[in-house]
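Q: Would you mind keeping the following structure in view while I ask a few things?
The values are calculated or read from the model by the stated rules, or taken from the named source; none is laboratory data. As the structure is a prediction and not an experimental result, all values here were calculated from the model. Cβ: placed from backbone, ideal geometry, glycine included. Neighbour counts: every protein chain shown. These area figures cover heavy atoms from the full protein model, side chains too; ligands, DNA and RNA do not enter into them. Shrake-Rupley method; radii C 1.70, N 1.55, O 1.52, S 1.80 Å.
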Amino acid sequence: MKRFVEGEDRRQATLLPDCLDDDVTEDNPVRFVEAFIDELDLAALGFAGIVPEVTGRPAYHPATLLKIYIYGYL
């Protein structure tokens, strides 16, 4: 995902002993949403912005935005 705004790695340990991935249980629906969206071919589905522009501020990747959108409805 070059040229897109990158988030922090949720498996990265922080100052505290826990990392964000430890706070999400294995049966949480967010894990299904992530796995499902990662398998989609967003360009073939007609999502705009899959190929980032070379100028301006980097955008968020459409897959990241779709994950947030779907999880918000859950």
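Q: Of VAL24, PHE4, VAL54, which is farthest along the charge dipole of the chain in the positive direction, counting Lys and Arg as +1 and Asp and Glu as -1 at C-beta?
A: Value: VAL54.
Q: Dipole magnitude of the chain about its Cα centre, charges +1 at Lys/Arg Cβ and -1 at Asp/Glu Cβ only, in debye to the nearest 20?
A: 440 debye
Q: Taking Rh as the Kirkwood radius computed over C-alpha pairs, what is the Stokes-Einstein D of the chain at 4 °C in a medium of viscosity 1.567 mPa s, expressed in µm² per second?
A: 92 µm²/s
Q: Let me ask something else about it. Taking H as built 1.01 Å from N, whose amide H comes closer than 5 Å to the amide H of ALA59, not counting residues under 5 places away?
A: Answer set, sorted by chain and number: VAL5.
Q: Would you mind computing, in nm to one decimal, how far apart the modelled labels at GLU6 and VAL24 are, each placed 7 Å from Cα along Cα→Cβ?
A: Reported label-point gap for GLU6 and VAL24 is 1.8 nm.
Q: So, for region 4-72, what is the accessible surface per residue at a probe of 1.4 Å, expressed in square angstrom?
A: Ligands and nucleic acids excluded, the figure is 80 Å² per residue.
Q: Against the longest alpha carbon principal axis of the chain, how many degrees, from 0 to 90 and to the nearest 10, is the axis of helix 62-73 turned?
A: The angle comes out at about 50 degrees.
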